[in-house]
Amino acid sequence: MIVIFGASTNIGIGLAEKLNRAGKPARSVFHTLRIGDTLTSAVADLNSGVGVSEALADAKIVVSCAHARYTQRILEMLPPSVQKLVLMGSAWRYSGIENPRADEVRAAEKEFIASGRDGVMLHPTMIYGGRQENNILRLLAFIQRFPVIPAPGGGSQRVQPIYVDDVVAALHAAVNRTWHGPNIVPLAGPPLSWREMVRLCSMAIGVHRPIVSVPAAPIVVALNSLRLIGITAIDPAVLKRFAEDVNIPVVTMQEQLSVLPRDFQTGIAAAVANWRRSGQLP
């Protein structure tokens, strides 16, 4: 039995559908059951541990699309039947910016490696294209609303967003691959500059906006102040990461998982079409 935690996420839903089409139905684990969930669905709370043991009954392969912070909980409750783990981390793990989310992912990776379990932890960069993601959707809304796009730090830094379907393909390949001991595989799309990413986003929605360089430091200070008084929930660490070049070799996922990530221009065109069909984007 394949068990999927975080089954309500975009990638969890996509993986379950892909496995089902391949004749490998999985037990999808939700925090609460919803109308339309199948008989193979289960309910479990990774925070408290309630229902986790029952969800893992007779599991041979365990996939977690939930946050990496739950890695220790899953490791502690694995039954002897489990032969393989496929866990989701985050490319925040590679960031040099001081941030709790990066620390959580590094701790999860350390726990997984210490377990000695056969399997893999995947560290994706920013995932876009799903119905639940908001980074690129937020950027598109900004482009539609404002006549000028500010580029903190100039926008020359390298980014590597990855399309949601490519992450699902990587998860599916990881489930089917034989792993020896704990492995770590980063997932990333082809690199481009932040400025180029904004330009391609603008093209995808049929508008043109000039991009103006602005210093990042004053914006970080402003965001910190706004968070303190409860006006914004945007984490300044996200903006600080603008100073970092993402530098993740795409070849790793190609070699380990045989997944070739699509370029951003292709991916954002598909994402915009899907968001417009679902009504998330005008």
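Starting from the residue with the highest accessible area, list S156, S115 in decreasing order, probe 1.4 Å.
Working: S156 95, S115 50 Å².
Greatest to least solvent exposure: S156, S115.
Taking all protein chains together, L192, L122 sort by accessible area into L192, L122, largest first [probe 1.4 Å].
Leaving ligands, DNA and RNA out of it, report the carbon-plus-sulfur percent of the accessible area of the chain at a 1.4 Å probe. It would help to have the intermediate numbers written out before the result.
On the way: 7490 of 13520 Å².
Summing carbon and sulfur atoms, their accessible area is 55 percent of the total for the chain.
Going by alpha carbons, how many degrees (0 to 90, nearest 10) lie between the helix axis of 10-21 and the longest principal axis of the chain? Around 50 degrees separate the two axes.
Rank these residues by their accessible area, most exposed first, probe 1.4 Å: T9, T178. Intermediate results must be reported in sequence, preceding the final value.
Numbers: T9 35, T178 95 Å².
Sorted descending by solvent-accessible area, the residues read T178, T9.
So, in the chain, how many Lys pairs have Cα atoms under 19 Å apart, if the pair is 8 or more places apart or on different chains? All intermediate terms of the calculation are to be shown ahead of the outcome.
Numbers: K18/K60; K18/K84; K24/K60; K24/K84; K60/K84; K84/K110.
Taking the Cα cut-off of 19 Å, the pair count is 6.
Rounded to the nearest 20, the Cβ-based charge dipole of segment 68-212 about its Cα centre (Lys and Arg +1, Asp and Glu -1) stands at 320 debye. Computed over protein heavy atoms with a 1.4 Å probe, the accessible surface of the chain works out to 48 Å² per residue. For M1 and R138, the difference between the fully extended length at 0.36 nm per residue and the C-alpha to C-alpha distance is 45.5 nm.
Within the listed set P186, P261, P210, the Gaussian network model of the chain (springs between alpha-carbon atoms below 10 Å) gives the highest mean-square fluctuation for P210.
Among DSSP bridges having both ends in the chain, what percentage is antiparallel? Round to the nearest 5. Please list the in-between numbers first.
Working: 2 of 32 bridges.
Given both bridge residues lie in the chain, the antiparallel proportion sits at roughly 5 percent.
When the chain is described by a simple charge dipole with +1 on each Lys and Arg Cβ and -1 on each Asp and Glu Cβ, the residue from P100, I143, A59 located farthest towards its positive end is I143.
Is the chain best put as rounded, prolate or oblate by its Cα gyration tensor, with a ≥ b ≥ c the root eigenvalues, rounded for a/c under 1.5, and otherwise prolate when a/b is larger than b/c, oblate when not? Walk me through the numbers before you get to the answer.
Values: a/c = 1.79, a/b = 1.63, b/c = 1.10.
Prolate is the answer for the chain, as a/c is 1.5 or above and a/b outweighs b/c.
Taking G130, G154, G206 as the candidate residues, the one with maximal mean-square fluctuation in a Gaussian network model of the chain, Cα springs under 10 Å, is G206.
Here is how the number arises for the chain: DSSP H runs of 4 or more residues each give -39500 (n - 2.57), the sum is divided by the residue count, and the result at 222 nm is -12000 deg cm²/dmol.
The values are calculated or read from the model by the stated rules, or taken from the named source; none is laboratory data. Because the structure is predicted, anything quoted here is derived from the model rather than measured. When we count neighbours, we look across all protein chains shown, and the Cβ atoms used for this are built from the backbone with ideal geometry, even at glycine. Side chains are part of the model used for accessible areas, which takes the heavy atoms of the whole protein and leaves out ligands, DNA and RNA. Shrake-Rupley method; radii C 1.70, N 1.55, O 1.52, S 1.80 Å.
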